[in-house]
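Structure first, then comments.
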Amino acid sequence: MPDPVTVAPRNTAMGVAASALKAQQSRMRVIAENIANAQSTALVAGGEPYRRQTPVFQARKVDGATGVVLAEVRPDQSPFRMEYDPSHPAANAEGYVQRPNVDTLVEAMDMREAQRAYEANLNVIETARNMETRTLDIIKK
């Protein structure tokens with residue numbers, strides 16, 4: 001007799017939601033790295049500080065539907081902030097230090113958005129699981 005797990009059709013909703021969970025988890029990891037490096041500077045004069053990273057998502061087929069995957073992480077090309085601090089080791093000839101192009105408020109808002117998307121996808125999985133359970137209960141009766 002064939003294994004029922006391999007014969008049963010896949011749950012497309014769960015597959016798509018699971019792909020989104022992984023993508024949002026990766027997004028939160030990138031945001032956490034940005035926040036952790038928000039105050040990093042170069043160690044030498046004229047060096048570049050940490051550059052903000054941005055996740056790039058891509059559509060991907062999952063169980064016959066379209067899910068999402070983190071395709072790559074790109075550096076944000078926006079300019080660095082300049083701060084006057086002539087005593088800093090990374091200060092240029094005019095006394096300015098390049099600071100990361102990370103805005104912690106923006107990162108905090110992005111993190112909250114990623115958390116909400118993650119929670120929404122968990123709810124999709126829970127709802128799909130409940131629907132499957134109810135369907136099986138109806139079939140049993």
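The values are calculated or read from the model by the stated rules, or taken from the named source; none is laboratory data. Just so it is clear, the model here is predicted, and its values are computed rather than measured. We place every Cβ from the backbone using ideal geometry, glycine too, and count neighbours over all the protein chains shown. The accessibility values were calculated without ligands, DNA or RNA, using every heavy atom of the protein model including side chains. Shrake-Rupley method; radii C 1.70, N 1.55, O 1.52, S 1.80 Å.
Brief remarks follow.
Results for (1) open to solvent by less than 80 Å² (accessible area, probe 1.4 Å); (2) within 30 Å of residue 13 (Cβ to Cβ); (3) in a helix (DSSP H, G or I), shown as yes or no for each residue.
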{"residue": "92", "(1), (2), (3)": "yes, no, no"}
{"residue": "101", "(1), (2), (3)": "yes, no, no"}
{"residue": "108", "(1), (2), (3)": "yes, no, yes"}
{"residue": "112", "(1), (2), (3)": "no, yes, yes"}
{"residue": "120", "(1), (2), (3)": "yes, yes, yes"}
{"residue": "134", "(1), (2), (3)": "no, yes, yes"}
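- Tallying residues that are of a type in the set (Val, Ile, Thr) and touching a helix residue (DSSP H, G or I) at 6+ places or on another chain (Cβ under 8 Å) within the stretch 69-107 yields 4.
- Of all the residues in the stretch 28-49, those that are open to solvent by 40 Å² or more (accessible area, probe 1.4 Å) and at pLDDT below 95 number 6.
- Filter pass, residue 132 being among the acidic types (Asp, Glu), at pLDDT 90 or above and on the phi < 0 side of the Ramachandran plot: no
- Of all the criteria given as (1) at pLDDT below 95; (2) more than 16 Å from the chain's Cα centre (by Cα), the one not satisfied by residue 68 is (2).
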